1. Would the stretch B:169-189 turn up any residue that is open to solvent by less than 20 Å² (accessible area, probe 1.4 Å), under 17 Å from residue A:126 (Cβ atoms) and either in a helix (DSSP H, G or I) or in contact with a Cys (Cβ under 9 Å, 6 or more places away or on another chain) (or both)?
2. Need pairs with beta-carbon distance below 8 Å; first residue facing chain B (nearest Cβ under 10 Å) and free of Cβ contacts under 8 Å to residues at least 12 places away in the same chain and within the stretch A:203-223, second among the polar types (S, T, N, Q) and open to solvent by 60 Å² or more (accessible area, probe 1.4 Å); sequence gap 6+ or separate chains.
3. Please verify whether the stretch B:160-168 includes one or more residues that are part of a helix (DSSP H, G or I) and modelled with pLDDT of 85 or more.
4. Suppose we keep only residues that are open to solvent by 40 Å² or more (accessible area, probe 1.4 Å) and in a loop (DSSP other than H, G, I, E, B) within the stretch A:215-263. Which one would you say is modelled with the lowest pLDDT?
5. Tell me the residue from B:261, B:256, B:192 that is under 17 Å from residue B:121 (Cα atoms), touching a residue at least 24 places away in the same chain (Cβ under 8 Å) and not hydrophobic (A, V, I, L, M, F, W, C), please.
6. Working carefully through the options B:137, B:114, B:102, B:88, find the one that is surrounded by fewer than 20 Cβ atoms within 10 Å (Cβ to Cβ) and not in a strand (DSSP E or B).
7. In the stretch A:95-114, how many residues are more than 10 Å from every other protein chain (Cβ to nearest Cβ) and open to solvent by less than 10 Å² (accessible area, probe 1.4 Å)?
8. If residue A:87 satisfies all but one of (1) surrounded by 21 or more Cβ atoms within 10 Å (Cβ to Cβ); (2) assigned to a strand (DSSP E or B); (3) more than 9 Å from every other protein chain (Cβ to nearest Cβ), what's the number of the condition it fails?
Amino acid sequence: MTTAIRDRRQWPLPKLADPNAPLLEVRDLAVRFSMPDSASVRAVDGVSFMMQHGEALGIAGESGCGKTTTALSLLRLLPSNGRITAGSINLYGIDLVPKTESQLARYRWREISMVFQGAMNALNPVRRIGEQIAAPIEIRLGQPQDASNKRAGELLELVGIPKQRASAYPHELSGGMRQRAMIAMALACDPALVIGDEPTTALDVMVQAQILQLLERLRRDLGLSLMLITHDLSVIAETCDRVMVMYAGRVAEEGPVRRVFSAPRHPYTRKLMSAFPNIRADRRTLDVIPGTPPDLRNPPPGCRFAPRCADAMNVCRTDVPPEIRFEDGVRVACHLYPAAAGA
Amino acid sequence: MTSPVVPVNLGVVAPARRKPGLLRQLVSRPDGLAGLLILAFFTVLAMFPNLLVGPLETAITATGPRLAPPQAGYPLGTDELGRSMLNLVVHATRVSMVIGLLATLVTVFIGALLGITSGYVGGRLDAVTMRIADFFLVIPTFVLAIILTAIIRDVLGTGSKEIFGIRLSLITIVIVIGITSWSATARIIRSQTLSLKQRAFVDRARVIGSGDWRIMRKHILPNVTNLIVANAVLTFAGAILLETTLSFVGLGDPFQPSWGQILDAARNVGAPGLGAWWYFVPAGICIVLVVFAFTLLGSALDAILNPKLQARR
């Protein structure tokens, strides 16, 4: 359709980029939120993961487990009381954490963009969607207005919205079309990585399927990498190559989708999966994980899942579980697996 | 994997709707049309008083009988000096409208600017601005206006000096109205800005690379336009009333007849006691009509400028 967009890397890599480095490597990321009562919440605590070019990574977990915070910290979009306290975010081997706001401009939206949770809120209700999609092209890429508008039209066509609709206001579009417009906006500067923060929540199943298909097609055609944040495991199973399960600000289990979902190793992953309705199973009740996630102002000393874990041992309550890497590419943070099991 | 089918044509393609101009949209609504017509009428009066009723009559040039009821030659009667009330009311239109317009512009400009910046920037700037706004909100407007008029008149000086062809005494009134009424506008716009600031599209605009100034201009301002317009209308009405009040207590410019001046003169002469209704009714009706017209226009504009309301219609 639009060869200009199909052609990967229209824009040269950042100067210091290491061509052999993985697309994204996050190491020991920690994010703290300072609270009014001088306490602080460790919303993300030592999260590490890696993404290769063209890969789709799904991040799963309960509400409040740090999925969105992890993603927002990549763009440094944290709320004003949140701060990255440790770790590194390497994009093409360039650490984004020490960058200043103005140095980040090179990366925000041009390398990493985001499809926000709830398109109605992420679109300005009184501006036409075409204008809003064209804005990043104008600002980030310095394109003249008519070129940006033309490209906004192309992007709309790319996500399946006739370009005549560019003059529509957000409220004149259906929920699915708004989400498509958000995706078009995320693609505006031809980024390497698109983060989808619950991109299909609040859409009905049919529209949800369409949006997921669209994301998958775009990923293939444009060579995008995709980070999908969702609490819906089926969405991850359908679209992602790898899945990372988070619990209380830490990574519980991470690995290829098939491996993790066919044989979950972390007790939390197991619980999470059995708490999910299975259309083939004939039982009527779902497993519920007893208890609630820990208070992150004062997390338990050992494994954070220990208080709710059926398999908890004494060591779980005192020691932080080490990360065990299995040969099939899965890593699990759990005391159930002796270090010897790892590669 | 089969190639995913992404419907390119989602139902009927609505052709890009050419929006009719704002004026046409206004005219197509009964309230908008009525408001526009009334205001057009008064605008004509304000622009060409000399053509319509001849030059402003003074005690020297007045020729009519004293305090006479409406009659041939004097359709609205005369005042105690024998001036035609029609002549006075039409000439007063210009002064009242100009003061109302200028005061509204000043008020809305200050209010929108301070409201958006203090709401968006927050922190100390917000605290300081809002304490100042509170001060102006709690001091009774009228008392403050009387004192300010005296002070500003002292600073600017009186007499026949002019700025942009407007007499200083009128500018004094404009400044007084601006100072006493910006705070309400600023408060309202600030509160809306605070809620807009939390919306995801502001965050999105920030990642996309919009600076603070651009966000305020392109994202916050268009979202508060309805409020600004609605407020401008109320301010205009309030400005005309405040001007009337100030003139009524003798703080206007006696050489520039405004509707308030006429009401003041009517009270001085004791027109109500004498049954000289023609002295104060025309000016009163003018005030009511103009305020009413702005209210109509305001609601029509609100409905048109707010795309959500429009879609529901």
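The values are calculated or read from the model by the stated rules, or taken from the named source; none is laboratory data. Here the structure is a predicted model, which is why all the values come from computation and not from measurement. As a convention, Cβ positions derive from the backbone with ideal geometry for all residues, glycine included, and neighbour counts pool all protein chains shown. The area values use the complete protein model at the heavy-atom level, side chains included, leaving out ligands, DNA and RNA. Shrake-Rupley method; radii C 1.70, N 1.55, O 1.52, S 1.80 Å.
1. Scanning the stretch B:169-189, I find at least one residue that is open to solvent by less than 20 Å² (accessible area, probe 1.4 Å), under 17 Å from residue A:126 (Cβ atoms) and either in a helix (DSSP H, G or I) or in contact with a Cys (Cβ under 9 Å, 6 or more places away or on another chain) (or both), so the answer is yes.
2. From residues that are facing chain B (nearest Cβ under 10 Å) and free of Cβ contacts under 8 Å to residues at least 12 places away in the same chain, the pairs are A:217/B:3.
3. no
4. So the residue we want is A:231.
5. Residue meeting the stated conditions: B:192.
6. After applying the criteria, what remains is B:137.
7. Final tally of qualifying residues: 2.
8. Residue A:87 satisfies every listed condition except (1).
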